[in-house]
Amino acid sequence: MGDKTQVLTSILEQQPVVPVLVIHDVATAVPMARALVEGGLKAIEITLRTPVALEAIRAVANEVEGAIPGAGTILNARQFREAEDAGSKFIVSPGTTMELLDVARKSKVPLLPGAVTASEVMSLREEGYELLKFFPAEQAGGAEYLKSLSSPLAGTKFCPTGGISPANARDYLSLPNVICVGGSWVTPAALIETQDWDGIARLASEACMLAG
């Protein structure tokens, strides 16, 4: 687990924001990923919420130099294996099940499992997980709630996702137990629809500046 934790840490700590993508047209995956990488966001979470998600991950993995594609909204072992086969370099789940922990244990690809409560965090710490997803962040209590976990659950770091925007991202990024945040605002539907990849690259560049 230690090696996979180091791998996941090296992926997440290189950028303040991990773009969370819901791709409906696989043709947009490669130019969108190239724009994100150009703007400085190399780690990209492509959620398995659409029929073309796995194809999109495969395309980004094979065609976008510098990109680190990950798979999100992984709910079971089958999806984990499919995402791994498609070229995912990290796996993200909104919660945790024993089935997911079992398949992750056998894989070289690191898992970022979801947790909200102190009990969930403690259970995952027992399994060796130090990096967790906090979802849905705003609805679950936001930055203040996450801050309250930093002392009693020291040593655990989170990637909060859900309801995060440029308006509140710094509230999370300023916390000692936050390694990065996940957000969808860097790839707005309007820019994807008009294929404004330069616009997405600019938003990615602005997102990188949130760490400052």
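What follows draws every value from the coordinates through simple rules; no lab data is involved. Predicted, not measured: the structure shown is a model, and the values here were computed from it. In this analysis, Cβ positions are derived from the backbone assuming ideal geometry, glycine residues included, and neighbour counts consider all displayed protein chains.
With unit charges on the beta carbons (Lys and Arg positive, Asp and Glu negative) and the dipole taken about the Cα centre of the chain, which residue among T156, G40, S184 sits farthest to the positive side?
Final value for the positive-end residue is T156.
Rounded to the nearest 500, what is the chain's calculated 222 nm mean residue ellipticity when only DSSP H runs of at least 4 contribute -39500 (n - 2.57) each, over all residues?
-12000 deg cm²/dmol
Of the listed peptides 32-41, 51-60, what is their order by residue-averaged count of other C-beta atoms within 10 Å, with the highest listed first?
Result, highest mean Cβ count within 10 Å first: 32-41, 51-60.
If amide hydrogens are placed 1.01 Å from N in the peptide plane, which non-local residues have theirs closer than 5 Å to the one on V178?
Placed amide hydrogens put F158 under 5 Å from V178.
Show me 71-84, 140-153 ranked by packing, highest mean number of other Cβ atoms within 10 Å first.
Those peptides, ordered most packed to least, come out 71-84, 140-153.
In whole Hz, with x marking every Gly and Pro, tabulate ³J(HN,Hα) for segment 157-173 from phi via Karplus 6.51 cos²θ - 1.76 cosθ + 1.60, θ = phi - 60°.
10, 10, 10, x, 9, x, x, 9, 9, x, 6, 10, 4, 5, 4, 7, 5
Can you tally the net charge around N177? Count Lys and Arg as +1, Asp and Glu as -1, for every other residue whose Cβ sits under 12 Å from the Cβ of N177.
Taking every other residue near N177 into account, the sum is +1.
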